[in-house]
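Colleague: Once you've had a glance at the structure underneath, I'll fire off some questions.
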Amino acid sequence: MITNDMFRNEVYPVENKKERKTDRRTLYTRMVIKDALLNLLAEKEYADITIADLCREAEINRGTFYLHYDNLRRVMDELFDEALSNMNGVLVQIGCAPAGKNCNYPLCHFLRQNGKYQPLFFSDSLRSHVVERIAASKWADFREHMGKQSGLNDEVLKAILYFQINGCLAITKNNIDISDTEWAEVQQQIDRFLKNGFEKL
């Protein structure tokens, strides 16, 4: 199973003015490379993207790319790390709130509000990887929250977690262009459905 600490952003120490300048240039180049991959993912599937494509999009040469990354997978996983890190404040649990309160969909909200990452999370060829990354990142929180609430064992809880992640990705992707008002109506209907199920656990 994929875990968050498999790939970490490098830390660049800043000791003097020259190193600080290099640090900024390095961070900027890595950002340009990641943005280029996101732009390409908006146009085609990950499996069809080459390093040559990415270098053209980022307007860099292959040598510059290899100074920063070994391969495209490293770029992709750094993007996942970045996105999941940004989700930490909003994606504490994927699941229904306790009975009597509205369900919430923090993953769905994150994806609707952060168009930058949509090509990464909505890519059909990356779907399995996306689900695994989210599940690995959020399993402990989900287990703590839903295990206490439902009394279900880990096997069933994992099935529910995967079901919810897949559902949230599909619903958000299919409704990404609707208005906030229309989205709220979709969410309310799903709330009713999920509440009935969770209240019977």
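Colleague: Starting from the 7 Å offset along Cα-to-Cβ, what nm value, one decimal, do you get for the label separation of Thr29 and Asn166?
Modeller: For the pair Thr29/Asn166, the computed spacing is 4.2 nm.
Colleague: Sorted from fewest to most neighbouring beta carbons within 10 Å, what does the list Met31, Met76, Met87 look like? Working shown, then result.
Modeller: Numbers: Met31 12, Met76 23, Met87 20.
Lowest count first: Met31, Met87, Met76.
Colleague: Among Phe163, Phe80, rank each residue by its count of other Cβ atoms within 10 Å, from fewest to most, as a rough exposure measure.
Modeller: So the ranking, lowest neighbour count to highest, is Phe163, Phe80.
Colleague: With 10 angstrom as the radius, rank Arg30, Arg25 by how many other C-beta atoms surround their C-beta, starting from the fewest.
Modeller: Listed from fewest to most nearby Cβ atoms, that is Arg25, Arg30.
The numbers here are math on the coordinates, done by the rules we state, and not lab data. These numbers come from a predicted model, not from an experiment. Please note: Cβ atoms are built from the backbone with ideal geometry, for glycine as well, and neighbour counts cover all protein chains shown.
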